[in-house]
Amino acid sequence: MSFRRNRIALAALFVALLPATACAGPRAQPAPVPVPREGFVAGADGVRLYYRLAGSGRDTVVVLHGGPGVGHQVLAPDLEPLERQYTVLYYDQRGGGRSGLPDTTLLGMDRFVEDLEAVRRHFGMERVTLLAHSFGPLLAASYARSYPHRVERMVFVGAIGPRRADGAAFAQAQAQQRDTARERRWRVIVERIRTGTPGDAVDACRDYEEMMREAAAARGTPRSRGTSCEAPPEAVQYGYRHTSQRTPRSLGDWDFTGALGHVRAPLLVITGDRDETPLAGHRAWAAAVPNGRLLVIPGAGHAPHVEAPGVFFPAVEAFLAGGWPAGAEDPTP
């Protein structure tokens, strides 16, 4: 199926007023109601979800950031090339960024799914095209499982694997990359974020991102321009203290490998051959749907959109245009 032209419906809305009687003169059509480029959507339970629109293309891509517990700015600066061709809809998931910080009992993945459905309804999209990074594919897959008829296409980028064991392997691989001194520094930073004042949490968050930049420089790889530290201080602390812990746990012993067979939307999984998630996990994602393929970018890691943009963005554009990018492989034997 070709990529359906999913538009932010209100942006192109014209109300045609017909004459009330045959003798009435023609009435002028009102100007279209513009969609604010940023604002809030009411999600499940009434939680406020911050959104931002970028670009002005005819087709819309909804971005699902990772985390959880951060905001869209952790990803958006590195996706700017998409905005040259598409309307890109970013939103902060609950429990982080500029969105609401609900009661901690409302941080289950089922609420995140209903938030995404509320976003779809708010903008009047019949179906959504999703681009999800890191933990984001778990939200995309959960949504597709519940609302398969509302998904047009999906791109998973540096995805945490479809099984809980894959997620554990990712966390272990990241920990193994830290030497003793960096591991000690990381633990101190995380403890400051979770237990200090909100202001301390922001300072610690910045220290963490500086440590990540240093690690990227040591590997000789580009570092993301995104940040999770520009959110309100209370959101930074809440995200690390609560959302990042409770939301993954709400999935239990997750396994999507046998849960998406009814999803007809095409899925492109993009990863680098240096990603901490085992390649088998990415291949399992692509095989989980009837129409999935895997693209592995040599030399890239968990963020191929940052580390290999010259390959990543043309591949995404080819997929969103209705085809498969060169090198995308069928995961089935």
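The values are calculated or read from the model by the stated rules, or taken from the named source; none is laboratory data. Not measured: the values here are computed from a predicted model. Methodologically, a virtual Cβ is constructed for each residue, glycine included, from the backbone with ideal geometry; neighbour enumeration extends over all protein chains shown.
Before moving on, here are some points about what is shown:
- Close pairs from region 73-98: first assigned by TED's automatic domain parsing to the domain that holds residue 109 and in a helix (DSSP H, G or I), partner surrounded by 24 or more Cβ atoms within 10 Å (Cβ to Cβ) and hydroxyl-bearing (Ser, Thr, Tyr), Cβ under 7 Å, at least 6 apart: 74/228
- Flag if residue 117 is in the same structural domain as residue 290 (by TED's automatic domain parsing), acidic (Asp, Glu) and surrounded by fewer than 20 Cβ atoms within 10 Å (Cβ to Cβ): yes
- All positions within region 103-143 that are of a type in the set (D, E, K, R), touching a residue at least 60 places away in the same chain (Cβ under 8 Å) and assigned to a loop (DSSP other than H, G, I, E, B): 126, 127
- For region 232-255, taking the residues that are over 11 Å from residue 70 (Cα atoms) and touching a Pro at 6+ places or on another chain (Cβ under 6 Å), the one that is surrounded by the fewest Cβ atoms within 10 Å (Cβ to Cβ) is identified as 234.
- Looking across region 256-301 at every residue that is under 17 Å from residue 166 (Cα atoms) and of a type in the set (S, T, N, Q), the one that is surrounded by the fewest Cβ atoms within 10 Å (Cβ to Cβ) is identified as 257.
- Residues of region 276-307 classified as modelled with pLDDT of 95 or more and small (Gly, Ala, Ser), total: 5
- Qualifying residue in region 241-260 (condition: under 24 Å from residue 216 (Cα atoms) and assigned by TED's automatic domain parsing to the domain that holds residue 135): no
- Residue match in region 298-312 (condition: in a helix (DSSP H, G or I), of a type in the set (Phe, Trp, Tyr) and under 17 Å from the mean Cα position of the chain (by Cα)): yes
- For the condition assigned by TED's automatic domain parsing to the domain that holds residue 158, at pLDDT 95 or above, surrounded by fewer than 16 Cβ atoms within 10 Å (Cβ to Cβ) and under 27 Å from residue 216 (Cα atoms), residue 310 qualifies.
- Qualifying residue in region 155-176 (condition: out of contact with any strand residue (DSSP E or B) (no Cβ under 9 Å at 6 or more places or on another chain), closer than 21 Å to residue 295 by Cα, outside any helix (DSSP H, G or I) and modelled with pLDDT of 85 or more): yes
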